[in-house]
Ligand code: SAH
Ligand code: SF4
Ligand code: F3S
């Protein structure tokens, strides 16, 4: 469907989520561009002006925000935390569940007042919600004061879109329904101690509940030499940890037509780079091959933590979710991983209350949690997403049953977590110090190799360093210990 917007010069091409259309995804070549730069005449556009970005959703979105910040600073804008000082406010949105979308619409309601007080303020919506036709129509209708909407495939167009929005009286909308090419060399403003690195974009899995394949387009892998060069550069800059990002990182390389090079090969090359910690998220059980396990088992800078979302422990439900593996295949994979990496920590995502989920099927999930012994998981109540196949399935599970299942699952997961944390009592573990605790400024917070949160007392100078901590206490959601002073590792 093509909608012509009121905005002059801009056509918006939308494809409402459609499984049949999306599955027709071609293998058309993706071109990688290395020649991005901000045109000279736009570099003063944001001079003496301030930006503020609010980010929702996953790490992919957080990382996109770093790119957006880089682009805005390239236009001369500076960062502010104060909404009243901001000349441009962008909401980088998430569409994965209804409550994520509700938050954004609520926020737009608040921002309307700011816009009335300061008409020169530019308000923009970007990220995954912008890729949905229904969302854009709702903004056009109910929040016409928004100045700019752009999607996930055309972030690099931001400099031009900001200029257009500044001078246009109409809402500027540019959303590409077809995924764009890969644009290398976009500026990025990295603020955290950990550096995120995209290794691929998009998702071709089409789990029946999920909107991501529609909002992020088809799978496209960055070239290995570009990923490796970026990780090397981050190591040179002194970063101690990188997080490799993709919706389905172990599908990496499947789309290369000229190269037999997969995620295992990439990890094997990154393993040789002198950076202390490398993590990745998210891996899909279906594409987790033996070579990858072999490489991860060599550890070194590859952490013994794998986020391996299972979603459900019931074959019936897995089938209706179109996860493309059975409980037995998943357990076989877990057994292989544990045999190769005995101290591995596994974490997962779960959806409860999927359409038609019976009490027995839910109990199969609980049993799987016990059997695998996950240390942590993100748990969600199923949220229908318009246009996805599951949204058309009959939703038979009452709301209170869904809530009860969520609580029960969380209780079982907490038991697991407590048990596994207690195993660390008396041990000395390597901790990457990430910051000062929110509640007590004498307490530092960091992560073990297995991604467990550790609190201990120590001087603030340790933030950003790797230290040894002797574990003394294991409350459920974190562990406590004493800094082993003589042993600052790096
Ligand atoms: N690509 C990742 C996850 C992306 S979305 C993967 O496949 O593991 C993150 C999590 O959100 C999913 O793992 C799933 O548990 C949850 N999720 C996705 N769509 C959902 C929906 N419609 N309702 C509830 N939870 C959902
Ligand atoms: Fe969504 Fe499934 Fe793709 Fe993950 S693998 S992003 S859950 S469709
Ligand atoms: Fe949300 Fe988009 Fe990430 S839908 S979870 S921000 S890929």
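The values are calculated or read from the model by the stated rules, or taken from the named source; none is laboratory data. Bear in mind the structure is a predicted one, so any value in this text is a computation, not a measurement. Every residue, glycine among them, receives a Cβ derived from its backbone with ideal geometry; neighbour counts consider all protein chains shown.
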**Asked** Inside the range 144-200, counting only strands (runs of 3 or more DSSP E) that do not spill past its ends, which hold 3 or more residues that are within 24 Å of residue 225 (Cα to Cα), at pLDDT 95 or above and not assigned by TED's automatic domain parsing to the domain that holds residue 464?
**Response** 194-198
**Item:** Hits in the range 331-352 (condition: over 23 Å from the mean Cα position of the chain (by Cα) and within 16 Å of ligand 2 (Cβ to nearest atom))
**Value:** 333
**Prompt:** For residue 88, are the conditions met, namely being closer than 25 Å to residue 44 by Cα, out of contact with any strand residue (DSSP E or B) (no Cβ under 7 Å at 6 or more places or on another chain), modelled with pLDDT of 95 or more and in the same structural domain as residue 57 (by TED's automatic domain parsing)?
**Reply:** no
**Message:** With the structure loaded, tell me whether residue 407 is under 17 Å from residue 314 (Cα atoms), assigned by TED's automatic domain parsing to the domain that holds residue 284 and part of a helix (DSSP H, G or I) or whether it fails that test.
**Reply:** no
**Fill in**
Quick count over the range 329-368, residues being over 13 Å from residue 382 (Cβ atoms) and in a helix (DSSP H, G or I), is 19
**Request:** Could you look through the range 237-248, keep only residues that are part of a loop (DSSP other than H, G, I, E, B) and within 16 Å of ligand 2 (Cβ to nearest atom), and pick out the one that is farthest from residue 203 (Cα to Cα)?
**Result:** 246
**Message:** Being assigned by TED's automatic domain parsing to the domain that holds residue 363, closer than 22 Å to residue 363 by Cα, exposed (fewer than 15 other Cβ atoms within 10 Å of the Cβ) and out of contact with any strand residue (DSSP E or B) (no Cβ under 9 Å at 6 or more places or on another chain) is the requirement here; does residue 414 meet it?
**Reply:** yes
**Prompt:** Got at least one residue in the range 249-268 being within 16 Å of ligand 1 (Cβ to nearest atom), surrounded by fewer than 20 Cβ atoms within 10 Å (Cβ to Cβ), modelled with pLDDT of 95 or more and not in a loop (DSSP other than H, G, I, E, B)?
**Reply:** no
**Asked** Any idea how many residues of the range 290-312 are part of a loop (DSSP other than H, G, I, E, B) and either more than 16 Å from ligand 2 (Cβ to nearest atom) or out of contact with any helix residue (DSSP H, G or I) (no Cβ under 9 Å at 6 or more places or on another chain) (or both)?
**Response** 7
**Request:** With the condition kept exactly as written, say whether any residue in the range 201-216 is over 15 Å from the mean Cα position of the chain (by Cα), more than 15 Å from ligand 1 (Cβ to nearest atom) and not in a loop (DSSP other than H, G, I, E, B).
**Result:** no
**Asked** Among the residues of the range 120-127, is any in a helix (DSSP H, G or I), touching a strand residue (DSSP E or B) at 6+ places or on another chain (Cβ under 9 Å) and at negative phi?
**Response** no
**Condition met for residue 112 (farther than 16 Å from residue 90 by Cβ and either crowded, with 18+ Cβ neighbours inside 10 Å or more than 16 Å from ligand 3 (Cβ to nearest atom) (or both))** = no
**Request:** Sort out which residues of the range 269-285 are closer than 30 Å to residue 390 by Cα and either more than 16 Å from ligand 1 (Cβ to nearest atom) or in a loop (DSSP other than H, G, I, E, B) (or both), and write them in order of number.
**Result:** 282, 283, 284
**Item:** Condition broken by residue 288, with the remaining ones in (1) within 15 Å of ligand 1 (Cβ to nearest atom); (2) over 27 Å from residue 350 (Cα atoms) satisfied
**Value:** (2)
**Request:** Sort out which residues of the range 57-80 are part of a loop (DSSP other than H, G, I, E, B), within 16 Å of ligand 2 (Cβ to nearest atom) and in contact with a helix residue (DSSP H, G or I) (Cβ under 7 Å, 6 or more places away or on another chain), and write them in order of number.
**Result:** 57
